[in-house]
Amino acid sequence: MVAFLRVLFQYSALVVEMVRIIQIVEGNYRRIAHLILLVGLFERVWWLAVRAKDQYVGGEALNVAQSVARNGTIADAFEKGSGLTAHLPPVLVLYAGYVYRIFGMNSAVSDFILSSTAVITVLAAAYLLFLSFGHIGMTPIWRLAALAAFCLVPLFPQLEIVTFRIWEGGLASFVSALLLYCVTRPEQPGPQTIRSWVVSSLVGSFLFFLNPAAGLAGFAMLAVWLFRHRSIRAWPGYIAAGAVVLAVVLAPWTIRNYEAFGRFIPLRSNMGMELALANHPGAVSNRDEKAVMLERLREIHPQESQRAFDTMQAMGGERIYADKLGAEAKAWIAAHPTQFAALSLRHVVQFYFPPEWQWNIYVDFPTRTMKLKLMLVYLFSALGLLGALFGLVRWRGPYFYPAIMVLVPAVTYAVVQPVLRYHYLIHGITIFMAIEFVRRVVGLVLSRSRPAAQ
């Protein structure tokens, strides 16, 4: 009996101590969140200093940034001489180009500035998710767990520190999180005006300009906000205001593209090429997917093949070449609808669960940590998807917004070949939705165990 009482006392003392710690954490959660962000920053700075010294971002984004640095033109996406381009959004390549012009192409100073911008952007996105889930109703200690999982276990340091110096994935993740913050704020008490809608529409339109897949999710969130917070009679005015904002955001780039190419191009000119890279007879073969992808790149991508580059130039430039590839891909899709559906399903799976070959698409360097990274990414994706589905079907209310962020981008990426930086768009939100799903499961288990204990 004495031994039983001693064990009971120790158990009670442990429970009391845990409750006290939880109260301390919840009472100081903002300071702890700032500390987590600071540690995450130090981890990435260390990676930059030790691992990223000799790593450079490449591809079309670097080519365009170099063109901006040389002469201020958004051009030469496929090496010098390929001409004006609308292959990718101009925001980050303009910024990087002028950094290169001032501080030197691929200089240590330029790389540090661009990497610092990228890291601050992705950490700011994580903090906005942390705040947004507070608006939704997630308790501080669980939000801290999600923030710690993102910041302290960097699964994509190469993307966050090197690739996003110029490519838009980090910035798009930040703007997406900012929009979530905007649309969840009305869940708190207080009057809302048309001005808040215009601000949210501005953020959503800029997100659409940066990344159409994330932008579609943003517009879906705005539609849900309108449905939940405004009467049907008010919808026309809000929709009109949003349309005006979208037109204002897209107008400068659209006018520039019309002057450059003689055609209405509000976003990008590369959709035909992306469609052709993903949908072709080789893609449905039983061959190694990485080998098929590299072969297809060398066959049709002007950045990867001199023959493809020469073909593009002979045809009259990137717009005409991409249109031709797109027409061929659409014809193949129309003739093979079942195979296209199978490929689309594969792309959706790869978007949420990027296979190992996407991590090492250009080089083979197996590491000890690769399996652990894959396991963690797949775990967060699986739980995050469950959280998104439960958010739509069971939890509802403000959980519609993060569920949309997780699910809607896959609609766009189903018809193209996903790569790792596409997955990053949902990396942060799937972590938070995964932790929320775990929180709900734990709460359900505890609530069911109490009556049995009594």
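The values are calculated or read from the model by the stated rules, or taken from the named source; none is laboratory data. The model shown is predicted, which means the values in this text are computed figures rather than measured ones. Methodologically, a virtual Cβ is constructed for each residue, glycine included, from the backbone with ideal geometry; neighbour enumeration extends over all protein chains shown. Protein only, heavy atoms only, side chains kept; ligands, DNA and RNA dropped before computing areas. Shrake-Rupley method; radii C 1.70, N 1.55, O 1.52, S 1.80 Å.
Overview of values
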{"item": "Meets criteria (in contact (Cβ under 8 Å) with a residue 24 or more places away in the chain and surrounded by 16 or more Cβ atoms within 10 Å (Cβ to Cβ)) for LEU297", "result": "no"}
{"item": "Those residues of segment 334-349 which are under 30 Å from SER381 (Cβ atoms) and open to solvent by 30 Å² or more (accessible area, probe 1.4 Å), in sequence order", "result": "HIS336, PRO337, THR338, GLN339, PHE340, ALA341, ALA342, LEU345, ARG346, VAL348, VAL349"}
{"item": "Among (1) modelled with pLDDT of 90 or more; (2) in a loop (DSSP other than H, G, I, E, B) - the single one ASN106 does not satisfy", "result": "(1)"}
{"item": "Segment 215-226 residues that are over 17 Å from TYR399 (Cβ atoms), paired with ones that are open to solvent by 30 Å² or more (accessible area, probe 1.4 Å) and of a type in the set (S, T, N, Q) (beta carbon under 9 Å, 6 or more apart)", "result": "LEU216/THR412"}
{"item": "Flag if SER176 is modelled with pLDDT of 90 or more, in a helix (DSSP H, G or I) and of a type in the set (S, T, N, Q)", "result": "yes"}
{"item": "Subset of segment 317-350 that is of a type outside the set (A, V, I, L, M, F, W, C) and touching a residue at least 60 places away in the same chain (Cβ under 8 Å) - its residue that is farthest from LEU277 (Cα to Cα)", "result": "GLY317"}
{"item": "Filtered residue count, segment 56-80, keeping only those that are part of a helix (DSSP H, G or I) and open to solvent by less than 30 Å² (accessible area, probe 1.4 Å)", "result": "9"}
{"item": "Unique residue being farther than 30 Å from GLY262 by Cβ and buried (at least 19 other Cβ atoms within 10 Å of the Cβ) when the list is TYR413, TYR352, TYR378", "result": "TYR352"}
{"item": "Qualifying residue in segment 318-331 (condition: open to solvent by less than 60 Å² (accessible area, probe 1.4 Å), under 21 Å from ALA410 (Cα atoms) and among the aromatic types (Phe, Trp, Tyr))", "result": "no"}
{"item": "Residues located in segment 397-409, provided they are among the aromatic types (Phe, Trp, Tyr) and either in contact with a Gly (Cβ under 7 Å, 6 or more places away or on another chain) or open to solvent by 40 Å² or more (accessible area, probe 1.4 Å) (or both)", "result": "TYR399, PHE400"}
{"item": "Unique residue being open to solvent by 50 Å² or more (accessible area, probe 1.4 Å), in a helix (DSSP H, G or I) and without any contact (Cβ under 8 Å) to a residue 12 or more places away in the chain when the list is ALA314, ALA251", "result": "ALA314"}
{"item": "Lone unmet requirement of (1) β-branched (Val, Ile, Thr); (2) within 30 Å of ARG368 (Cβ to Cβ); (3) open to solvent by 10 Å² or more (accessible area, probe 1.4 Å) for ILE161", "result": "(3)"}
{"item": "Odd one out for ARG143, checked against (1) more than 20 Å from GLY387 (Cβ to Cβ); (2) in contact (Cβ under 8 Å) with a residue 24 or more places away in the chain; (3) touching a helix residue (DSSP H, G or I) at 6+ places or on another chain (Cβ under 7 Å); (4) not in a loop (DSSP other than H, G, I, E, B)", "result": "(1)"}
{"item": "Residues satisfying the stated conditions in segment 227-248, i.e. open to solvent by less than 40 Å² (accessible area, probe 1.4 Å) and either polar (S, T, N, Q) or free of Cβ contacts under 8 Å to residues at least 24 places away in the same chain (or both)", "result": "ALA234"}
{"item": "Members of segment 258-272 that are in a loop (DSSP other than H, G, I, E, B) and free of Cβ contacts under 8 Å to residues at least 40 places away in the same chain", "result": "GLY262, PHE264, PRO266"}
{"item": "Residue that is over 30 Å from ARG185 (Cβ atoms) and surrounded by fewer than 18 Cβ atoms within 10 Å (Cβ to Cβ), where the choices are ARG394, ARG368", "result": "ARG368"}
{"item": "Number of the condition not met by MET138 [criteria: (1) open to solvent by less than 20 Å² (accessible area, probe 1.4 Å); (2) not in a loop (DSSP other than H, G, I, E, B)]", "result": "(2)"}
{"item": "Hits in segment 407-435 - residues which are part of a loop (DSSP other than H, G, I, E, B) and over 14 Å from GLU168 (Cβ atoms)", "result": "VAL408, ALA414, VAL415, VAL416, GLN417, PRO418"}
